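A.B. asks: Here it is, the structure, as structure tokens.
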Amino acid sequence: MKEAVFIRQNIEKWRKVELIVGDTLFTTPDDTVAAYNQVTSDLAFAQTHFPDSSITEYLNDLALGLHRDLYRNRRDKWSRLLTFWTHEVPLSVYHARRALLVSLAIFVVSILIGIISTFGDESFPRVILGDSYVDMTLRNIEEGHPMAVYGGDSQVSSFLGITVNNVIVSFVIYVMGLFTSFGTGYYLMHNGIMVGAFVTFFIQRGLFVQSILAIMLHGTLELSAVVIAGGAGITLGNGWLFPGTYSRLRSFLRAARRSLMILVSTVPVFIVAAFIEGFFTRYTEVGDAWRLFVILLSLAFILFYYVVLPARRAKEVTDGR
């Protein structure tokens, strides 16, 4: 069967299924199960005959949405929270994987811009970070405590302040997606350039290893969460900017729901990052091996929860489990 014929024969059925996805108010569990069986059957056919077609991607998205709804319906209230973190969030991340890759690309390019700009003009960090911050850091370096900026306040107040600030930053990055994905991209770029300028400032003073270990001790989680929040914002913006086969309103509502799940998932990550920064980063005399272990452990968690687990959950859907 040709792809055009396949689409023409089933398009009306799929449009009805679109209305079922996420509609827990007017859709019964039996309706969801029937729709899931139909879509997974069509998906299997499309994967066999049109593996690289956009219609296969479309059907995969429908199947993922229905699978998420099925899990929600069959779990009792006590396991609802577990289902949210182990299935719904990973599936939402898988849906938004391209937006997350775009967010990562923007952030990495922005860091490189910050690095190149600082190497080209040593006064650049003052423009980005401010004179008072640069002067304070220079004094700390002269006194032999380059990372003293992390030990200024008490541990508890530092932890709380960092948590609130990071959550606000991620929320702003996300909400800017309402003003198209370019709004989120702008804020990602701004933060990336700051990181690049900050790191290069220490590199130019021969403090590369010391600064990287101190910054990435908490920064592995914190910066990853910023990128993930950026991916959520881009997903939100793309929802109404590129509705595809959905109406613009329904596309936006689907994207809002999916992206909000992703944003919520970053809150615990920011809290742990703030805890590390507030209570441990200040102790720069701690052995490099211990700090490297925490960095690698943090990276392993991010890769597992935001890369490996989403792919695993998506495969379970396509395999009909």
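The values are calculated or read from the model by the stated rules, or taken from the named source; none is laboratory data. Just so you know, these numbers come straight off a predicted model, no measurement behind them. Cβ: placed from backbone, ideal geometry, glycine included. Neighbour counts: every protein chain shown. The protein model used for the area step is the full one, side chains on, heavy atoms only, and it has no ligands, DNA or RNA in it. Shrake-Rupley method; radii C 1.70, N 1.55, O 1.52, S 1.80 Å.
A.B. asks: Just a yes or no: is a residue in the range 192-214 open to solvent by 10 Å² or more (accessible area, probe 1.4 Å), polar (S, T, N, Q) and within 23 Å of Ile115 (Cα to Cα)?
C.D. replies: Checking the range 192-214: at least one residue is open to solvent by 10 Å² or more (accessible area, probe 1.4 Å), polar (S, T, N, Q) and within 23 Å of Ile115 (Cα to Cα).
A.B. asks: Quick check on the range 178-191: of everything there that is open to solvent by less than 60 Å² (accessible area, probe 1.4 Å) and in a helix (DSSP H, G or I), which residue is nearest to Ile276 (Cα to Cα)?
C.D. replies: Here the answer is Asn191.
A.B. asks: Then there's this: Please enumerate the residues belonging to the range 236-281 that are modelled with pLDDT of 90 or more and among the β-branched types (Val, Ile, Thr).
C.D. replies: Residues satisfying the conditions are Ile262, Val264, Thr266, Val267, Val269, Ile271, Val272.
A.B. asks: Considering the range 114-135 alone, what residues qualify as being open to solvent by 60 Å² or more (accessible area, probe 1.4 Å) and either closer than 15 Å to Ile203 by Cβ or of a type outside the set (D, E, K, R) (or both)?
C.D. replies: Ile116, Phe119, Gly120, Asp121, Glu122, Val127, Ser132, Tyr133
A.B. asks: Residue check, Trp240 against (1) surrounded by fewer than 22 Cβ atoms within 10 Å (Cβ to Cβ); (2) closer than 15 Å to Val102 by Cα, all met but one. Which one?
C.D. replies: With respect to (1) surrounded by fewer than 22 Cβ atoms within 10 Å (Cβ to Cβ); (2) closer than 15 Å to Val102 by Cα, Trp240 is out only on (2).
A.B. asks: Show the residue pairs meeting these rules: Cβ distance below 9 Å; 6+ apart or different chains; first residue within the range 306-318 and hydroxyl-bearing (Ser, Thr, Tyr); second residue open to solvent by 70 Å² or more (accessible area, probe 1.4 Å) and part of a helix (DSSP H, G or I).
C.D. replies: The qualifying pairs are Thr318/Gln47.
A.B. asks: For the range 226-278, enumerate the residues that are charged (D, E, K, R) and closer than 23 Å to Phe301 by Cα.
C.D. replies: Across the range 226-278, the qualifying residues are Arg258, Glu277.
A.B. asks: Can you confirm whether Leu249 is over 22 Å from Phe182 (Cα atoms) and part of a helix (DSSP H, G or I)?
C.D. replies: no
A.B. asks: Suppose we keep only residues that are modelled with pLDDT of 90 or more and among the polar types (S, T, N, Q) within the range 110-154. Which one would you say is farthest from Thr184 (Cα to Cα)?
C.D. replies: Thr118
A.B. asks: Test of understanding: among Val102, Val93, Val39, which residue is at pLDDT 80 or above and open to solvent by 60 Å² or more (accessible area, probe 1.4 Å)?
C.D. replies: Checking each option against the conditions leaves just Val102.
A.B. asks: For the range 243-263, how many residues meet the condition of being open to solvent by 40 Å² or more (accessible area, probe 1.4 Å) and either of a type in the set (S, T, N, Q) or more than 21 Å from Thr86 (Cα to Cα) (or both)?
C.D. replies: 8
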